[in-house]
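Engineer: Structure provided below as structure tokens; questions to follow.
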Amino acid sequence: MNAKHTLATSYNPEKLTEFFNKDISPETMAKLIRNLNYVITLTLIRRNETLEFHNKELDHGFYWLNELAEILNPYFNID
């Protein structure tokens, strides 16, 4: 999952900085992402014990959301 992409020309890093300075801290956003992943996973397991539907899409979604959370606020500080 090491694909390299160029950012879209409409991407504005200043807006992202403003978002994290004004609206929500990176640490809080990371915590919300982790909590959301936990709730979604728990709900899916309880409702459908054989998670065959959209397995690959869910796997990728959880992976990338967790990667973003780690960038925003690393959970494990491994040097």
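Engineer: Using Cβ contacts closer than 10 Å as the measure, can you line up PHE19, PHE62 from fewest to most?
Structural biologist: Result, fewest neighbours first: PHE19, PHE62.
Engineer: Here's something else I'd like to know. Please compute the Cα-Cα pair-distance distribution of region 24-72 with 5 Å bins starting at 0, giving whole percents from short to long.
Structural biologist: 4, 22, 26, 22, 13, 9, 4, 0
None of the figures in this text is laboratory data; all of them are computed from the coordinates on show. Just so you know, these numbers come straight off a predicted model, no measurement behind them. Don't worry about glycine lacking a Cβ; one is built from the backbone with ideal geometry, like all the others, and counts go over all protein chains shown.
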